[in-house]
Structure formats: C-alpha cells, structure tokens
Amino acid sequence: MKPRFILLLCLLACGAQAAEPNTMYERRATWAESMTATRQNVAQVQAQNLKLPADQTDWDVVWEDLYRRFWTDWPETDWLLQDSPSRTTTDDFQAHGEFGWYFESRRYAAVEQQLIRRVLDELGPAAEFHTARLEALIQGSTSPDDPAWLNLYADACRLRRAERLRTLPERVPQFVFTKHYTMGGSHYAYTEGQSDAQAERHFVPGAALCLAHWDGEHVRVETLIDDPSGVIRDPDVSYDGRRVLFSWKKSDREDDYHLYEMDLESRAVCQLTSGLGVADYEGAYLPDGDIIFNSTRCVQIVDCWWTEVSNLYRCDGDGRFLRRLTFDQVHDNYPTVTDDGRVLYTRWEYNDRGQVYPQPLLQMNPDGTNQSDFYGGNSWFPTTILHARGVPGSQKVAAIATGHHSRQTGKLILIDPAKGRQENEGVQLLAPIRNTPAVKIDAYGQKGDLFQYPYPLNESEFLVTYHPVGWRWAEGRFGPRFGIYWMTDTGARERLADDPRLPCSQSVPVRPRTTRRMRPSLVDYRQTTGTVYVQDVYTGPGLAGVDRGTIKTMRVVALEFRSAGIGSNSNGGPGGGALVSTPVAIGNGTWDPKWILGDATVREDGSVFAEIPARTPVYFQLLDERGHMVQTMRSWTTLQPGENASCVGCHEHKNSVPVAGLPLTQALRQRAETLQPFYGPARGFSFAQEIQPILDRHCVSCHDGRADVPYVLTSLGVDDGRAKRRWPQSYLALTHARQDDPPKGAWRGSADHPMVHWVSAQSAPPMQPPYAAGAARSRLIELLAAGHEDVRLAREDLDKLAAWIDLGVPFGGDYVEANTWTADELAKHEHFAAKRARLEAEDRQNIADWLRHTEGP
C-alpha cells in the first residue's frame, strides 16, 4: 500500500464522524469540533510521520480527500468552499490552499478572521452580536486550535443563510426535484436509454421523485416515489400547482421512458403515454392544459453516430391526440414555456455544416408554428445551450452553456437577445459574473464547478442544480453528487437539498402560475401545405454586396433523415470531423438525401411568396439567372399545415422587423405561387439517375479510363466495404475522392477543389458570404458552359449538374440506393423503416381523432 494512503487511512480513522441528520444543517454544532480534532490528528501523524519519507506523502491528495469527506458529511463545509479567501476562480480548485491551510502546524488564526469578516460584512448591522464575539477572540489571542473560531464562523453563516433565504419561503414554499444519475452519454443529448436502442443505451438505475418544503426553519424533503430499479426524471408542475408531470423508465429492456402525472393532494399516479421501443421524456405543461414533450417516435438516428433521435411532440392532458411538432435532423431537447407562451428548446442541427458546434436555442409557438432561431444559430459559442428557461417578466433566458461530447453539465449563463444573438453578444457567464469570451471548445464548461437546470426566480436569483468542484468529485456511475441550491448571479449560494448517494437535480417550484392568454392555434390539419413569404431577399447580410436583380428564384429543398445505421465513412474540415452513418455521399458530401421540391420566383423588388408542403423539413437556396446558388440556408425550417411563415430577408438579424413604409410587395399582389418543378416530380436527387446519364451521353466516349485522359467518368462501380455503398468511378473522380487509408479506408471528397467546389458537410457555423461555394465557383460548370471539346449541353443538363454541386454532391437519392448490405443489414433497415411507418400512421390517426374531437359531430 502506498504511504500516502496509509496516512490517509490513519487521518480518517481519527476524524470525528457526523451523525445522520434529519435535514440539512439540523445537527449538533460539531463541525468545528470535528475539524479541530482532525487537525490535531494530522499534527500527531505529521510529528510521528509514521516513519514515512516526506517526499512520499502527497499532501495535495490528502487534503482533497479530506475536503471531499467533510463536504459530504458536513454541509457547513460548503460555506467554506464559497468563502475561502484563496479561491480565485471556480475552475481552479486547489485543496491545499482552500482547505489544507487549516492543518498547517505553525500558523495564526488569520484565515479564520478573513472567513468570519467576509460573512459579517455581508450581514451588516444584523451581525452586531457576532462581531463582538470576533473582537473578543482577537483580543483574547485565542489559539488557532480553539474550535471557537470555526464555531463563530458557522454561527455567522447560519445567520447569513437565514437572511439570504428570508423571502424564499414566500416565493417558493415548496419545490419538486429528482434524484438520478447525471444525464448524458458520449454526447450531451444521448439520454433516451431506449429499450431497443441501435447503439448507446444509457440507463443507471436508482432514482426518486421528491418534494421539498419549509417547516419555518429548515428545508424538509419528502420522497414521493422511490425506485431503486428505474430512473425518474424531468419534473414539471401544472399551472394550478396541483400536479407534477414526470418521466419514468422502470427497467432497462422491459420499459421505456413515458410520461406520468401525480396528483399532489392524493399522491395518485397516472401513466399518460406508453409503448415499448419509444421514449417519451422532457415533458412540460402548456398553459391550455396540453403537454409538449420529447420523443423518439420519429424513429431516426443521428447522422454522425448510431444513437436514436428525439423530436418534439404534443398531446392533451390525458396523453391523447399525440402528434408530432418538429421534423428535425437530430435531437431536440428540453422544451420549456416562457411567460408569454413561447416554447424554448435546444436544437442540434448540421445541414451542410459541421456537427460539433451548432446546438442553438430555438423558439416556436406551442402549436409548432414560427419555428425560428432564438440564439446562436450561426455561432461557435456557446457550443451547446441547454436547460433554458425564461426569466419572469423579461425576454432574457437563463440556461447552461455546455459542450458537445459531454454530459448535461456546464456553466450558468444569462442570455439577453436584445444585445445580440450570436457568439457572446448576448451571453453573460454568472455565479460569479465575469468576462464571457467567445471560445471554440468541444467539451465546453466541464472544468471546475458545474451547473444544471437553472430555474430563474428573477434576473439575479435562481434555483439551480450545482456542484462546487465538479467531475473531480464524481461518485462512480452517478456522476458528481449534485445538490439543489439557491444562488445569486454573483455566486452567493445556499444548499437546499442533497442526498448522501444520489445526485439531486431538476428543481421546479410548486406554486400556481399566472397564465397570459394564449393566441388561438393557427394550424389547420385539414390542409397539407403552408406558405412562406420573404419581404426582400436583399435585406440582411446574407446577400451583402449582391446587386439587386441578381436573384431570380428561390429553390426549396427537402431533407430526408435516416432510420437505421448501416455502414459509415467520415468527413473533416473547418467545422470539425465526424463519422457519417449510413452515408449517402462520400465524406465531406451531403449528410442527408436532398429533394428539390421546386423553385419560386423572386420578384424585382426582392419579394417571394410560395406554397410549400407542411410537416416537411425544408431549406432555401437563392439562385441567379444561370440557376447557380448565390446563398444557401445551412439549416431548415418546418411549416405546420395552414401556417403562413414570413421573414424580412436573407439571414436578417432576428431583432429586425419588416421594413416599414414600403408599398405592397409584388409577391403579395398575387396568391402564393405553386413551386415550379425541377424537371419532373419532387424526388431524392440521385447521381445515378440525374448525372450519370449526362456523362454517358456526352463524356464517357473520351473519359473512359484511358491513361492520357483525366477523370474516369464511367458508371463502373467501386465497392466501399466500410460505407456499404457501390460508388461509380465517375462520382469518385468528379468529387476528387481519395481513401483515408488505402486500400480499405473511407472515401473522402475534396470540397474546396476548384473543379467541383461545394459547401462541405464540415463547413464552419458562421454565416458564409454570397457565392462562397457551389456551381458558380466550380470550374466544371465553367468548362461545360463554354463548350468543352465541342460538347454542348442542354440547359436541363447544366441545371442538373449545377444543382448536384449546390446540393453538396449527393450520391444516393435515398438511404437504400446502391447499397452492398448483407441480408441481416437489410433486415435491420426494413425493421426500423417499418417501425417508422407504423408510428407515422399512428400520428396521422391521432390528428384525425383530434380533428373529430375539436370539430364535434
């Protein structure tokens, strides 16, 4: 056994043991005596030294282990953590400087005096009695070994606690919270734990749903449900304060997360949703009594891994009429409702850009209309905005800034969109308030103290899940032993609830909430389309420097998302790097199949008004007279049936408003335009169907593989055992694809090559300038338009080649095309495709039932 651990065992054996309390801070005043006794034991061991060489005693480890033990057993130690004079930053934990000083053999009581004065200064005149006690200790030259110093400090802290929390019982007489492991997997969003998961299935049993209330002096905790075999999470409180909504998964393989509700008066529990193989979680009450929640019923996996995706759904208060609201590429997370009735949620998105950094905060109406960016849609920072809640009476939002490859922990932030909506323009780090640099860090916010689930009481006070040291003090599979804290923006804090074994989190006040009148839903499920209107595409930075009249059409492109993971390749670029599951393109090509739904006319005044399919993820590209992309939307939007969506211009600032005083735009003088089809019905863009026939007619007679002619443009297939695709030689040649590790490595294209220059799947998050990439920047189009080797292409051929480049060089029009799957892999895909089809049919039936219910007989 190493000497330092022999020493530690001796110290811990000598230290006083804390009695199990009934509630926090309700114990005999023995913390000071325990600290003093341990100090004396340390001195004795140091004197005897146990015959250990000094250089073999790692005192930093000893102090940290002791500190952690005291913080676990004695809640008073948390005061010491926040008041320590030597602590300069919450990210820099130094056990010797913050705790080990107490055990120095030769010292004065100067640090104790600093601790006590810091508390007394905050208390002001209310601390007169304790100030006199301090002066008496100083005048009496009281020994630093006397526990009177720490007893005075603890007494002053108790008085400070009472003053800090004096008004809290009136504002938050009760709150619910959960006990469970720290959520997340290899990525912040992977918390579904689905019973038939294709890959990651994170499930750490042991959980409880609890109710904390004041008895006039202490916070007492009542366990509402205790489940050592399951996980209970995501509580929310109804607007009348009488019911608690939560998610519960009772076993790893025999159950999934579903929504439950408890009546707080009777303690009766009712299950609202069900179904093995689907996870329903992160629910929130809507003001009209309905529920919005996250669910894997969309049956998708992420583009860059194998894990299930969750989108937002809505049902009534009894779990009926369940219908999908978002149709998003990967995860949506943690919907909450603001005072004015909007829904805030995190959306992970990476259409035609890197996957690590775009996890912005979005907003929408409770019926799913007006899905739009709230903060960070084109930002490196914050890496991920999570657990967002609106500040009462304000447009500001409290949240945590966290990472991508991290758990759901991070730093406390306040977002003020009035100051800006990208990078750090409107973000302020809190607790303490400090400089907020716009940094580019994948696992952001994981060093030092950790925050989760802030519930703002106002702009400067919060109920929050917190751990003062963080991952260094993690408790095995459960993670750090988080507690529920009252905290101010400056970092003043009081621990309200904790547990000796399980992390406590997700606190929500139990109290009635006033509701503002919600506007009626504008969704008309009898329709299948919506409309989109742009006042002036030239307004905003998206077309900065582009002459008016340049833009002729707006292309509408739909996205299709994968249901199963089979095969992979990889990409890399300014936005990062990633595995690509079930790839439909070579590495650096498009993440997903693209469907050109058609084009809409951009009028001379820059306006456009078009009808597009509802409940379909779409994005827009602005094209010039040659049909070449000038600007592209590297995100997407989804319209609800009957929705009329509008925007001011192209990537306009979200704080802007429509230009006042303009006459009625040309687009609005007519009804919404039907999209002009792209050489046939809408379809997934397939290289084999759209591009190879052009090459066969005009190119392969020369570019057939002969040594003296570059670019082999034949359709001869090249099997890719990793991607499980058969790429044509022509596709690999035009994308300048190379294998990462020949002869069996992944094929990766060169997005920046001058011959075919497309928007890389790993392009950076910030907005790109006009004509940054695409057909307009590709030498191939220039050569063919000029008549390469007397080859004259029809406009249709040139348009298809340009569209292929502008869509990010897709190969497959769907996820099945040109696959080399085994029978088992095909069966896997068919299984999850059938599961998706079944749940989509249920969604349609639920909508029909809802229509009959609302419209009556």
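The values are calculated or read from the model by the stated rules, or taken from the named source; none is laboratory data. Predicted, not measured: the structure shown is a model, and the values here were computed from it. FYI the Cβ positions are ideal-geometry reconstructions off the backbone, even for glycines, and counts take in every protein chain you see. Just the protein is used for accessible areas: all its heavy atoms, side chains included, with ligands, DNA and RNA removed. Shrake-Rupley method; radii C 1.70, N 1.55, O 1.52, S 1.80 Å.
Computed values, structure above
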| quantity | calculated |
| --- | --- |
| Net lengthening on full extension, residue 213/residue 288 (0.36 nm per residue, minus Cα-Cα) | 24.3 nm |
| Semi-axis lengths (Å, descending) of the ellipsoid that matches the C-alpha gyration tensor of the range 93-174 | 27, 17, 9 |
| Partner lysines for residue 744 [C-alpha distance under 16 Å; skip if fewer than 8 residues away on the same chain] | 724 |
| Sites residue 511 and residue 471 - FRET efficiency at Förster radius 35 Å, r taken between beta-carbons, to 0.05 | 0.55 |
| Stretchable slack from residue 752 to residue 664, in nm (0.36 nm times residue separation minus alpha-carbon distance) | 27.5 nm |
| Kirkwood-based Rg to Rh ratio, the range 475-603, C-alpha trace | 1.14 |
| Amide hydrogen neighbours beyond the local backbone of residue 183, cut-off 5 Å, H modeled | 408 |
| Amide proton proximity set for residue 224, modelled H, under 5 Å, gap of 5+ | 209, 210, 211 |
| Residue list for the range 453-476, given a label point 7 angstrom along the Cα-to-Cβ vector of residue 394 and an amide N cut-off under 16 Å | 454-464 |
| Segment residue 492-residue 263, length gained on full extension (0.36 nm per residue, minus Cα span) | 79.0 nm |
| Nitroxide proxy distance, nm - points 7 Å out along Cα→Cβ at residue 547 and residue 166 | 7.1 nm |
| Degrees separating the helix 31-48 axis from the principal Cα axis of the chain, which is the longest one | 80 degrees |
| Percent antiparallel among DSSP beta bridges (both partners in the chain, rounded to 5) | 95 percent |
| Selection from 129, 147, 165, by position along the positive dipole direction of the range 110-172 (Cβ) | 165 |
| Point-to-point label distance, residue 790-residue 689, nm (Cα→Cβ direction, 7 Å offset) | 3.5 nm |
| Spin-label pair residue 526/residue 59, simplified geometry with 7 Å Cα→Cβ offset, distance in nm | 8.2 nm |
| In Å², nearest 10: area of residue 120 left accessible to a 1.4 Å probe | 20 Å² |
| Nearest-10 value in Å² for the accessible area of residue 612, using the 1.4 Å probe | 0 Å² |
| Cα-Cα pairs of the range 723-857 separated by more than 22 Å (percent) | 59 percent |
| Over 29 Å between alpha carbons, listed pairs 179/447; 447/835; 249/835; 250/396 | 447/835; 250/396 |
| The range 564-638: C-alpha gyration tensor shape, a/c 1.5 cut-off, then a/b vs b/c | prolate |
| Between the range 268-305 and the range 679-733, the alpha-carbon center distance in angstrom | 43 Å |
| Shape call, the range 643-766: gyration tensor on alpha carbons, a/c limit 1.5 | prolate |
| Cα-based shape type of the range 359-494, given that a ≥ b ≥ c are square roots of the gyration tensor eigenvalues and the cut on a/c is 1.5 | prolate |
| Mean shadow area of the range 703-765 over all directions, Cα convex hull, nm² | 5.1 nm² |
| Computed [θ] at 222 nm, helices only, for the chain once each DSSP H run of length n ≥ 4 contributes -39500 (n - 2.57) | -6000 deg cm²/dmol |
| Debye log10 I(q)/I(0) for the range 514-588, one point scatterer per Cα, at q = 0.12, 0.24, 0.26 Å⁻¹ | -0.82, -1.09, -1.21 |
| Per-residue ³J(HN,Hα) for the range 89-94, Karplus 6.51 cos²θ - 1.76 cosθ + 1.60, θ = phi - 60°, Hz, x for Gly and Pro | 8, 6, 8, 10, 9, 10 |
| Under 13 Å from the Cα of residue 828 - aspartates and glutamates, other chains or at least 8 residues apart | 196 |
| 10 Å binning of all Cα-Cα separations within the chain, expressed as whole percents from 0 upward | 2, 12, 20, 21, 17, 12, 8, 5, 2, 0, 0 |
| Charge context of residue 818, other residues only, Cβ under 13 angstrom, K/R +1, D/E -1 | -1 |
| Charge context of residue 597, other residues only, Cβ under 11 angstrom, K/R +1, D/E -1 | +1 |
| Summed residue charge, Cβ within 11 Å of residue 512's Cβ, Lys/Arg positive, Asp/Glu negative | +2 |
